[in-house]
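Structure first, then comments.
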Amino acid sequence: MADYDNRLTRTATAGVAAADAGLRAYMLRVYNYMLVGLGLTGAVAWLTAETPLSQIFYSHVQTAGGVMLQPNILGWISFFAPLALVFLMGFRFQQMSLGAVRGLFWGLAALMGIQLAMIAFIYTGASIAATFFVAAAMFGGMSLFGYTTGRDLTAMGSFMIMGVWGLIIAMLVTMIFPSTNSPAVSFVINALGVVIFTGLTAYDTQRIKNFYVVSGGRDAVMEGKAAVMGALSLYLDFYNMFLFLLRFMGNRR
């Protein structure tokens, strides 16, 4: 009887260890996709800002503060295309192949780099680098919290998602009615942006982890597509956190 109990214990322990190893491998896969996506965005941003590639998407306009980039038609298309890809991936990823989901993610990351090229003309390279490391530290800490906490972050995540829509509306209002914009309003919007995407980092990490715990290992293709979608969520969290932080920390040229 003791031998039987020992075998059950060893089997249960082996099962838990295998599940933990599978979860770690899955999360590593998600983070790898995200990091490669960020690397692609950075590379495209540099190429667009520093090579003649910029002329495809931007016009160089001389201002009192120096040369600035102004999007042309292709530039504006590249600005709105990522949003269309996010919706396409969100609504159709179950019907698409793993290769198609990956391809859309890489395409989105490249298009975001075209957008990011404008940042290099607005802020100094030193402030961009400093902000990136601060954003990376904040992201890493909040993602670790979301992975390890035993607290259910669903309610917080829902609140943060509502906050994103509030941010979008507030930013549209300040764009359409410039008179409503002011340093105080900009400060509030940027502060809320940092808080919201910091919170979403923890929530999305927990959500990605919970997906694997509930359904991981059952369908390799679906698991692969879910890893890409998880990477997309974390990529957008980091990207937006970085941009809002840059508005606080960035030194303009």
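Bear in mind that the values in this text are calculations on the coordinates, not laboratory data. Keep in mind the model is a prediction, meaning the values are calculated, not measured. So basically every Cβ, Gly included, is an ideal-geometry build from the backbone, and we count neighbours across all protein chains shown.
A few comments on the model shown:
- Amide hydrogen neighbours beyond the local backbone of Tyr58, cut-off 5 Å, H modeled: Asn72
- Relative to the longest principal axis of the Cα atoms of the chain, the long axis of helix 73-92 lies at roughly 20 degrees.
- Cα gyration tensor shape of the chain, rounded if a/c is under 1.5, else prolate or oblate by comparing a/b with b/c: prolate
- For Arg253, distant residues with modelled amide H under 5 Å away: Tyr123, Thr124
- Based on C-alpha pairs under 8 angstrom that are at least 6 apart in sequence, segment 25-249 has a relative contact order of 29 percent.
- If the convex hull is drawn through the Cα atoms of segment 24-123, its volume per residue in Å³: 106 Å³
- Put simply, when 116-126, 94-104 are sorted by average Cβ atoms within 10 angstrom per residue, most first, you get 116-126, 94-104.
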